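What follows is a single structure, written as structure tokens, with notes after it.
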Amino acid sequence: MSLPISLIRKARSSRSMASTCLGHNLPLNQACQRGIRTMLTSKFLTDLQGSYAKTQTTLSTVTRVNASQTHQLPHYNNTVPTKLISLPFSTNSKKKASAQPLPLMTPSSLPATSLIHPSTMESLQSLPEVQSVVGLLNGTSINETAPAQGFVNIQRAREILQSIPEFYSATYLLETELHVFVGNFELALDSLLRYQHLLSKQKMKGYLKHKRHLQFIHAKLLFCSGQFEKCLSEYENLLESMENEVQRQMEQNKTQSKDDGGNVQGNDDPLPVIDGASALTGIGLSNMMLYFNDHSDKSSYEGEIISTLETATDMLLESRKDAIASLEHSRLALDLGIAASISLGNLGVAHHVLFSRESVNNSSDRAIKCWKQGIMVLDTLLKGAVSTATIIPNRHFQCMESLRARLHCNIAWALLGLSGVEKGGDLPEIADNMLKEASNEAKKALGIYDELINGPKFLRENEIFDYNDDEELDDQDITEEDKQIKREFEKLLVEELQTRDNTEKGGEQSSIPIDTPLSSYWFDYSRSESARALGLVAHCYALAGSAVTAEGLFQSALDASSSCPYGQIVGKSGKRMDGVIEKGISLSSPSLGLIARDVRLWYATLCDNWEKRTGDASRLRMNAAKIEQDGVLKDIFCSLHSVNKNEMYDAEKKSPPGILTSFWMLNPLDFEE
């Protein structure tokens, strides 16, 4: 049984196979960062084992893995190097996992159903009506009439479950997410308020925490529906209640300490840092949106917005320093690091938007500094995973990579000066060195999206199996270390495959947990979000004089931005049959809506300056206006500027900058499993 040397060569492109398999501490700056990022995830190891299984023909008794599936792995704090390889392997076991596909972890996430207890959700799905709705929400079953039929099914389930308060109330959380899925944020708010009313009549363990999580969802729904003042008030109430709770716990601990000799800790769980940072982030971003809508003196907003976001960022960074000191808190350190990178992204957006009227270059420098620091935080997380032999769960890895791509896009956007283009201004003059840097940043982002959508390049079949074993065995580049890695890896694979085979025959049970796949919407989201990177690369080509290449990339960007499973139709009839599934621009993500708008505006500038295609430019700008007026942006940004729906898009009227697509209203539930 032999593992191809070519597979080892490709896998060790970063030399991280040695550090991952054998526990070596490899400095990040000596490795290919992309290789390390891929190899530190359960998905990489699952895919690699699947690729390995394809090369074997003699071990017929072993069940093979479908390498195209994506798997999720729980976090292990004290993982030994040998187990690092064995954990992610999967088989086609007849035993099905009860866990649902893991939901999105993106700026648009509104995980209302995550508040339903797993046992309650499992019981609810005994009803076919509920099962069909859950399948739609997690992407396992989507058909031509799913949304319309989904609301009918929820009503039927509610009638059946009237006598069981816990189950009955849970249907309103399902209804909340279904309304968000089709872009009805106002109706989602109504369903959530009904759930809150029913919850107040029930007695449940952990009510205060549950109520706090509900408030975070409620606040984000208010934000998405454009009710920024109410959103701000909700976040301020959250922060005040958390401050009061912390004060109460401190006083309680102080009293108990005096009574019991100073060694007593309070019975209450301390409030998570992410909760406090999320409330501060919500306050800062809500004020940012009010900043756009206020035509009076805006100086009063600027200091408060920056101060609030800086405080949230500092809280997360400092708390992470404490968490990484203990392996017991390695998972918490990962969550705090991701949240800190998100917060740095928000802070960069605030710097760019608030101070651009003073000096565009100065605001861009401040913003880019924040975004680069956010990328450095992500690098630090990966370096820490290498040194501690810790697997990053695939859901977190997907989030980290999309966040990294988003930050690269932000940098390219700022360097290209596209805020003026989105307002209808002329293309700014870009120095050659800045254009080159912007192009590099955009291409980095595009490369990340390519791998998020299609999988790691060096694990794609046409790249892995294009080899000749005999020739490669004589290659001078194959070192003794590589051969040792090969022997260790083969040994671990054989042991794991035999253990799995023995488990299926009723023998000793494998200690490997059941894998949980990601929702298919992860890939749909990445594909839609990749439109921004495509558009930025296209814009760089346009500025470099390659108009034909730029147009091809812009066309790809339009297609990608309109690839959501259920979306707004723009550029065709502009209408859809009620309740019918048809791909289009996201109806549930304001971030993706802004991206779809922007790539059309950027494309229009190419048409303006190339062969005087004013007709195409006007059509693209009209489609951009339809996205703002009729799509997911109609509530969140409609109040920011006045555009008559019967008139053509007026570029002179105030419109929100595309950089707001990076806003992420932090929610503690984003980090809950």
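The values are calculated or read from the model by the stated rules, or taken from the named source; none is laboratory data. Just so it is clear, the model here is predicted, and its values are computed rather than measured. Neighbour counts are summed over all protein chains in view; Cβ atoms, including those assigned to glycine, are modelled from backbone coordinates with ideal geometry. All accessible areas refer to the heavy atoms of the entire protein, side chains included, with ligands and DNA or RNA removed. Shrake-Rupley method; radii C 1.70, N 1.55, O 1.52, S 1.80 Å.
Could you work out how far apart the two model spin labels at Ser141 and Lys205 are, taking each label as a point 7 Å from the Cα in the direction of the beta carbon, and quote it in nm?
Here the answer is 3.2 nm between the modelled labels.
Between Asn440 and Lys230, what is 0.36 nm times their sequence separation minus the Cα-Cα distance? Round to one decimal in nm. Let's see the in-between values first.
Working: separation 210, 0.36 × 210 = 75.60 nm, distance 4.10 nm.
Length gained between Asn440 and Lys230: 71.5 nm.
Relative to the compact-globule scaling 2.2 N^0.38 Å, provide the ratio for the alpha-carbon radius of gyration of segment 100-256.
1.14
Going by the alpha-carbon gyration tensor, a ≥ b ≥ c the square roots of its eigenvalues, is segment 108-149 rounded (a/c under 1.5) or, if a/c is not under 1.5, prolate (a/b greater than b/c) versus oblate?
In terms of gyration-tensor shape, oblate.
At a 10 angstrom cut-off on C-beta neighbours, averaged per residue, how do the peptides 593-602, 363-372, 240-249 rank from highest to lowest?
593-602, 363-372, 240-249
Determine the shape class of segment 146-192: with a ≥ b ≥ c the square roots of the Cα gyration tensor eigenvalues, call it rounded for a/c under 1.5, and otherwise prolate if a/b is greater than b/c, oblate otherwise. Mind dumping the intermediate values first?
Working: a/c = 3.04, a/b = 1.53, b/c = 2.00.
Since a/c reaches 1.5 but b/c is at least a/b, the shape of segment 146-192 is classed as oblate.
In this model, which of Lys372/Lys457; Lys321/Lys444; Lys205/Lys230; Lys203/Lys254; Lys583/Lys626; Lys220/Lys634 are farther than 21 Å apart at the alpha-carbon?
From Lys372/Lys457; Lys321/Lys444; Lys205/Lys230; Lys203/Lys254; Lys583/Lys626; Lys220/Lys634, over 21 Å: Lys372/Lys457; Lys321/Lys444; Lys205/Lys230; Lys203/Lys254.
Considering only protein heavy atoms, with the full assembly of protein chains and a 1.4 angstrom probe, order Asp322, Asp524, Asp670 by accessible area, largest first.
Values: Asp322 115, Asp524 30, Asp670 5 Å².
Heavy-atom accessible area, descending, gives Asp322, Asp524, Asp670.
Lys and Arg at +1, Asp and Glu at -1: add these up for the other residues within a Cβ distance under 14 Å of Leu344 and post the number.
Taking every Cβ under 14 Å from that of Leu344, the sum is +2.
Can you pull the percent of segment 123-228's accessible area that's carbon plus sulfur, 1.4 Å probe, other chains left in place?
Details: 2500 of 4740 Å².
It is 53 percent, rounded to a whole number.
Need one value: the accessible area of Thr549 in square angstrom, 1.4 angstrom probe, rounded to the nearest 10.
Roughly 60 Å² of Thr549 is accessible to a 1.4 Å probe.
Give me the extension gain from Asn609 to Asn237: residue separation times 0.36 nm, minus the current Cα-Cα distance, reported in nm with one decimal.
128.9 nm
So what does log10 I(q)/I(0) come out to for segment 298-341 at q = 0.16, 0.17, 0.25, 0.27 Å⁻¹, using the Debye formula with one equal point on every Cα and no solvent?
Computed log10 I(q)/I(0) values: -0.47, -0.50, -0.76, -0.83.
Considering only protein heavy atoms, what is the solvent-accessible area of Val134 at a probe of 1.4 Å, reported in Å² to the nearest 10?
Rounded to the nearest 10, that gives 10 Å².
Averaged per residue, what accessible surface does segment 178-230 expose to a 1.4 Å probe, in Å²?
48 Å²
Among Tyr301, Tyr525, what's the order by accessible area (1.4 angstrom probe), most exposed first? Working shown, then result.
Details: Tyr301 40, Tyr525 15 Å².
Ranked from most to least accessible, the order is Tyr301, Tyr525.
How much FRET efficiency would the formula 1/(1 + (r/R0)^6) give for Arg194 and Asp365, where r is the Cβ-Cβ distance and R0 is 56 Å, rounded to 0.05?
It comes out at approximately 0.70.
Quote the FRET efficiency, to the nearest 0.05, computed for Ala325 versus Ile160 with a Förster distance R0 of 41 Å and r equal to the Cβ-Cβ distance.
0.20
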